[in-house]
Structures are given as C-alpha cells and as structure tokens.
Amino acid sequence: MEFPLEMFLVFLLALLIASISAGLTKWLVDTEEVERKQRLIKEHEERKEEIIDLADVNPSRYRKERKRWERKDVMLKKTQQSMSMSRLKPTCIMCVPMLVAFGIIRLLFTGGMAMTAMDASWVPMIGDMLYISDGWINFTAWYFLCSLGMNTLIQRLAGIQTQASGGMDQMMGGSKAKALEFPEI
C-alpha cells in the first residue's frame, strides 16, 4: 500500500494554519487575562452550590448571598461576552483567506487523501461528501482530522489553550453548579 504525498502536504498545511492561528491569538488576545477571568467565572459557579446549601441552614444569609451572587453573575456574563469577542478576532482575520485558499487547494487534491479504518459511506450526506471508496477519505475529511490534532497541540505548546473552565465540561454545558437552581424561600 502506498500513501500519497498529498496526505503529508495536507498535514503540513494543517500544522502551518494552526501555527498562524496560534500566533494571531497570542498577538491579538490577552490570554493571561482571559484565563484569569475564566478562573473567576469558574469560582463564581462553584460558589452557587455553596449558597444553595445555605438555604436550609441559614435562610437570611442565603437571601443575602444569593442577591450578591446574582449581581456578580450579571457582571460576569458581560465579561464572558467580551472574552468571546476577543477570541473571535483571530478567526475573523483568518476566515476569508482560508475560504479562498481551501477553494483553490480542494481543486488540486481531487482523489483519495488518506486511508481510514472507518467506513463513513453509510452516513447520510456526510459519507458522500467525505468518503471516496475502499477506505479512502478526501481532502476535506483528512484536513479536518489533521486540523483537530494540530490545533490542540500548537495551542498547548503556545500556552494559549485555557483550561480554567474545563475543556469537555465547558463543551457539554458546564459544571453541576450551573444546572442547579436557587430554591425560593
């Protein structure tokens, strides 16, 4: 079995794009400030659980702490919005050049790009778009797989992947405290 040279070129392309993206993020986003704010938000969410526990033990203190928490929550929601906007800057800068570059590159790489053990041909629409035949996937699927790994690796090496609010935890809807509701007293 022979692997095409294009497979390695796309891997290097993913590495280059991840490096450029990480460089732009380092340049445009104050990552230390973002991480500090994420820690504050995480601590704030954890505090919610402590306040809920006060409801049964000390109702008057519970009401005071809840009001204080809710006021701070409004402020932290605004902080989260500003953090999201600052993180969006590098994406906005890279979006149009990437679309143009991928339109051109995709025309160059037309055949199977990489061999995969998965058979995605049965997945409606996605299988037709990404899967060629006999276990080979196309440029789009191969770039996507390379990009996932390269972005994570480069961001960690550059020190810009913040884990204060917790990777998968954040993606899956947050901490247990976020799901808790304040009891009415």
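The values are calculated or read from the model by the stated rules, or taken from the named source; none is laboratory data. What you see is a predicted model; the values in this text were computed from it and never measured. Cβ sites come from the backbone with ideal geometry, for glycine too, and all protein chains shown count toward neighbours.
Here are some notes:
Let's see how each residue does on (1) modelled with pLDDT under 90; (2) loosely packed, with under 13 Cβ neighbours inside 10 Å; (3) of a type in the set (S, T, N, Q):
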| residue | (1), (2), (3) |
| --- | --- |
| LEU5 | yes, yes, no |
| PHE11 | yes, no, no |
| HIS44 | no, no, no |
| PRO59 | yes, yes, no |
| LYS78 | no, yes, no |
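- Meets criteria (at pLDDT 65 or above, at negative phi and either surrounded by 14 or more Cβ atoms within 10 Å (Cβ to Cβ) or more than 17 Å from the chain's Cα centre (by Cα) (or both)) for LEU108: yes
- Sub-9 Å Cβ pairs linking a first residue in segment 86-108 that is over 19 Å from SER19 (Cβ atoms) to a second residue that is at pLDDT 85 or above, at least 6 apart or interchain, are SER86/LEU28; SER86/VAL29; SER86/ASP30; SER86/GLU33; SER86/VAL34, ordered by first then second residue.
- Top-ranked residue of segment 48-61 - restricted to ones that are assigned to a helix (DSSP H, G or I) and without any contact (Cβ under 8 Å) to a residue 40 or more places away in the chain, ranked as nearest to the chain's Cα centre (by Cα): GLU50
- Only one of ALA177, ALA164, ALA120 that is in contact with a helix residue (DSSP H, G or I) (Cβ under 6 Å, 6 or more places away or on another chain), at pLDDT below 75 and assigned to a helix (DSSP H, G or I): ALA177
- Only listed residue being part of a helix (DSSP H, G or I) and more than 30 Å from ALA101 (Cα to Cα), chosen from LYS64, LYS26: LYS64
- Those residues of segment 29-47 which are assigned to a helix (DSSP H, G or I) and in contact with a helix residue (DSSP H, G or I) (Cβ under 9 Å, 6 or more places away or on another chain), in sequence order: THR31, GLU33, VAL34, LYS37, GLN38, LEU40, ILE41, HIS44, GLU45, GLU46, ARG47
- In segment 138-150, the residues that are surrounded by 22 or more Cβ atoms within 10 Å (Cβ to Cβ) reach residues that are not in a helix (DSSP H, G or I) with C-beta atoms within less than 7 angstrom, at least six apart or across chains, in these pairs: PHE139/PHE109; PHE139/MET113; TRP142/MET113; TRP142/ALA114.
- Filtering segment 66-75 to residues that are surrounded by 14 or more Cβ atoms within 10 Å (Cβ to Cβ) and farther than 17 Å from LEU40 by Cβ leaves only ARG66.
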